[in-house]
Structure formats: structure tokens, C-alpha cells
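Visitor: Quick one: the structure is below, questions incoming.
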Amino acid sequence: MAGATIVFMDMVGFSKKSNVEQKLLVESLSDEVWHHLRAFLKPPLQAPEVLALPTGDGMALVFLHSATRRWSPPTIYHLLYVLQLWAWQQTTETTDVALRFGIHVGTVEIITDINGNPNVCGDTINYAQRVMDAANPRQVLLSAAAFREYIGMASATYQEPPFGPTTAVRLLGPLQVFAKHGLQLPVYNMVCEPPVPWWNNTDPVTAHFLLVSLSTLSRDITDSLAEGVQQAQALALVQLGDEQLFEALQNQTLILPSALRRFWVFMPDPETYASLNMGRLWIAPDMLRDSIAAWREYLETLQERSSMTQIKLALHRVPPLWGGLFVDWDRPGGRIHISPYLWNRATQDSPGYALHWLGDTPSEIYEAYVSTLDWLNNTVPNLLSETRLTPLAPVSP
């Protein structure tokens, strides 16, 4: 086992190029890497200090650490500079060539491949590939481990050759990005200042990804949803007469947890709803009034038994556009189940989806839904007490 810095790269859109173009680009990239790293790839009379592992559309460069070799930023940064510039110079009016890079530091297992050549395996090289997968074309991303190795307490701005005197690179972050399989990674974006056309300074698009799962058309209470509700510390329901959850609670096929701290139910105001002429597929105003009355009776009983739970029933006077179930929405691991109300479809037949909070920070889209819930809670009074409740502080994970 050995320590290593992995520089993983690939050519964006490589598979869409012709076989001839692919061959020429792979050969040209290999020549460029060989030209700049030859002394490390095949040093005279000693083992290689850098392993080059072709991946078809790119390569992984493994800079091996040893007692006599700790790689410095100039070596890595110079390679990034020349390869980004190489890709830009290969670009023509008809062919765009762009590399993306992921850099990670960790330990690797050195093995011998089937052809008798040295190779590596382990989580470090897999993680480096995930970092690269999160990058935009012409972008360089560093993992948190790579940032600590090459920056640490030093300045995150670098202006030495090949950059400078008028150009510098700076590491921005950490940013939370999504990789494959829903994995969220903290990364640092290496940007050029001032901007140059062959280097991408924008935030990775993967920083704005969101895990969305689709609900079944039957709108059944699935096992995962039931488990989430029964373990929640905060629940908020925005609905229009979809009574499955209410019936499950009333029949005690779904049990609220003893640790529940907040339970809010928001319903459309019947008078406002009646004026909208929603159509025959939607709940009738009289049925909506009956639903509100049933919720009120249930929640008042729950309030008497659960003095530590903040319970709220409120009516909103804005048109209902969607229903929602918010489960621990203000903590990591929270979920928001949304049921849009679609034209010419009954509420129970409107397909829904769930937004998931993964990682340390929620996505902007997730936060947008939370902000609407906060607005709703702050603008409508509680029918159970006829006073507006001040939201509790978020519950610690």
C-alpha cells in the first residue's frame, strides 16, 4: 500500500467522435503527457514514480508518494495548465475538445495487471473518478483531501509559473456536488483569474443536482414513507382532501412517534376554494369542510395527549397548486413529498415526487419548497388556539 495523488481526466463527448478522431486525440494526449512526465514515468535505473493508466477516453495519472518524494503544487499545476491548453488548441470549428479533471489524495494498492504492467486499485482511484465525473468541461476539481495536501493552511491563490505574472489560479470551496449513486462530495473548484477561454470557472452543474424520486400513481403510503413518518421529529401536511394519511392516523395503522416536536396541517380555506370552480374531479367544498372538521377533532385530541408537540391546523387563502408532506424538512435526511394538482385529473390520480436532502446542505430547489412552508406557517393563524405559533428552533440531528 502506498500514498498517491491521483489526477483523473477524460475527454468530454469522446464517444460521439469518429474512430479516426478518437485515435488521433488519444495519441496526441498520450504524447503530451509523456513529454511533460517522461522523467517520472520511466526514470533511468529505478521504478516509476508516476503510473499512467489509460481509460479509453482519458487516463488516470498516479503520482506515487514516498519518503523521498512529496509532490509539490508546481508539478501538478503545470500539468493541468499544459493539458487544458492542449485541449483548447485541438478545438476547431467542427470539433470541440475539452478535458475535465478530478484530483484526489489517498492510499492505493499497487498490483500487476494481466499484461504484467504496474497498476493500482482501491477507493482512492475510484473517488478521484467520482470527483472528475462531477466536473464541467474544461474544469478542475480537487477533493477535500487533495486540498489539504496541496494547500492546507497556505494561500488558496497560486501565481507561480506556468501561471503569472498576470494570471493566477484560485481554489474556491468547499462546494457540495453530486456524483454517481447519489453520493455527495465536498470539492474545490480551481478557477483562473482573470478568466481565460480554455478554463471553466463556473460552478459545477452537479452542485445544483437534486435527488428526486417518483411516487406511485396510486398514492399509497409506502413502507419507506410510513417509516419516515413514524420516526420523524417534524411533520407538515399541505393538502386538499387526500385522506389516506388521515385515515391511517385515525385507524392507528400509522403511529405518530413520541419524539414528534411539530405537527402542522394546512388546508385550503373553503370559501376561497369554493370560488375557484375547481371542477367535478376535485373535492367538493362541503367535503372539504368535513375534512377540516375531522382534522380539527383529531388534532385537538392529539394536543391534549401530546403537550410537548407543537400542533397547528391552519387555512390558507391562496389557490391550491400542490399538496405536500414535509418530513424533518429542516435537517439532513429530510424529505418533501409533493403532489401537484393537474388539470383534468382527480387529486388521487395526480402523480407526485419526493425531494431528498442529501449531504450536509440542501439544494436550492429543496430550500425553495421549505421557504414556501415557512411563509405559509408565518402568514396563517392556528385554528386550534386562534393564535399564531412561533416556529421552534430546528431540531438537532
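Visitor: So how do TRP198, TRP295, TRP375, TRP329 line up by other beta-carbon neighbours within 10 Å, fewest first?
Guide: Final ranking by Cβ density, sparse to dense: TRP375, TRP198, TRP295, TRP329.
Visitor: So, one more: Treat every Asp and Glu Cβ in the range 99-160 as -1 and every Lys and Arg Cβ as +1, leave all other atoms uncharged, and give the resulting dipole magnitude about the Cα centre to the nearest 20 debye.
Guide: 240
Visitor: Against the longest alpha carbon principal axis of the chain, how many degrees, from 0 to 90 and to the nearest 10, is the axis of helix 364-379 turned?
Guide: Relative to the chain, helix 364-379 is tipped by roughly 30 degrees.
Visitor: Next up: To the nearest 0.05, how large is the calculated FRET efficiency for LEU211 and GLN250 if R₀ is 30 Å and r is the Cβ-Cβ distance?
Guide: Given R0 = 30 Å and the Cβ-Cβ separation, E is 0.40.
Visitor: As an exercise, find the ratio Rg/Rh for the chain from alpha-carbon atoms, using the Kirkwood inverse-distance average for Rh.
Guide: 1.13
Visitor: What FRET efficiency do you get for SER30 and ASN378 if R0 is 51 Å and r is their Cβ-Cβ distance, rounded to the nearest 0.05?
Guide: Efficiency computed from Cβ-Cβ geometry: 0.25.
Visitor: Could you run the Karplus curve 6.51 cos²θ - 1.76 cosθ + 1.60 with θ = phi - 60° over the range 25-36 and give me ³J(HN,Hα) per residue in whole Hz, x for Gly and Pro?
Guide: Coupling constants for the range 25-36: 5, 4, 5, 5, 5, 4, 4, 5, 5, 4, 4, 8 Hz.
Visitor: Using only Cα atoms, find the angle between the long axis of helix 285-305 and the longest principal axis of the chain, and express it within 0 to 90 degrees, rounded to the nearest 10.
Guide: 80
Visitor: DSSP loop trypsin sites (Lys or Arg not before Pro) in the range 258-337 with at most 12 other Cβ atoms within 10 Å of their Cβ, which ones?
Guide: Listed in order of number, the matching sites are ARG280, ARG317.
Visitor: Same structure again: Mind sorting CYS121, CYS192 by how few other Cβ atoms lie within 10 Å of their own Cβ, fewest first?
Guide: CYS121, CYS192
Visitor: Measure nothing fancy, just the Cα-based angle from helix 123-133's long axis to the longest principal axis of the chain, in degrees from 0 to 90, nearest 10.
Guide: Computed tilt is about 70 degrees.
Visitor: Give me D for the range 185-334 in µm² s⁻¹, whole number, from Stokes-Einstein with Rh from the Kirkwood sum over alpha-carbon pairs, 10 °C and 1.306 mPa s.
Guide: 86
Visitor: Got a sec to turn the phi values of the range 158-168 into Karplus ³J(HN,Hα) couplings, 6.51 cos²θ - 1.76 cosθ + 1.60 with θ = phi - 60°, whole Hz, x for Gly and Pro?
Guide: With coefficients 6.51, -1.76 and 1.60, one gets 10, 10, 8, x, x, 7, x, x, 9, 10, 9 Hz.
Visitor: List TYR273, TYR369 from most exposed to least, where exposure is judged by having the fewest other Cβ atoms within 10 Å.
Guide: Lowest count first: TYR369, TYR273.
Visitor: List the residues whose amide H sits under 5 Å from the amide H of ARG100, counting only those 5 or more places along or on another chain, with H placed 1.01 Å from N in the peptide plane.
Guide: Counting only residues 5 or more places away or on other chains, the set is ASP10, VAL12, ARG138.
Visitor: For the range 302-378 and the range 1-66, what is the centre-to-centre distance using only Cα atoms, to the nearest Å?
Guide: Value for the Cα centre distance between the two parts: 49 Å.
Visitor: Determine the dipole magnitude for the chain: charges of +1 sit on the beta-carbon of Lys and Arg, -1 on that of Asp and Glu, nothing else is charged, the reference point is the Cα centre, and the result goes in debye to the nearest 20.
Guide: Dipole about the Cα centre, nearest 20: 560 debye.
Visitor: With a ≥ b ≥ c taken as the square roots of the eigenvalues of the C-alpha gyration tensor of the range 2-206, please select rounded if a/c is under 1.5 and otherwise prolate if a/b is larger than b/c or oblate if it is not?
Guide: Rounded, because the longest to shortest axis ratio a/c is under 1.5.
Visitor: Please compute the contact order of the chain in relative form: average sequence separation of alpha-carbon pairs under 8 Å and at least six residues apart, divided by the residue count, as a percent.
Guide: 12
Visitor: In nm, what is the difference between 0.36 nm times the number of residues separating THR361 and ARG148 and their Cα-Cα distance?
Guide: That pair, THR361 and ARG148, stretches by 74.6 nm at full extension.
Values quoted throughout were computed directly from the atomic coordinates according to the rules given, and no laboratory measurement underlies them. If you're wondering where the values come from, they're calculated on a predicted model, not measured in any experiment. Cβ sites come from the backbone with ideal geometry, for glycine too, and all protein chains shown count toward neighbours.
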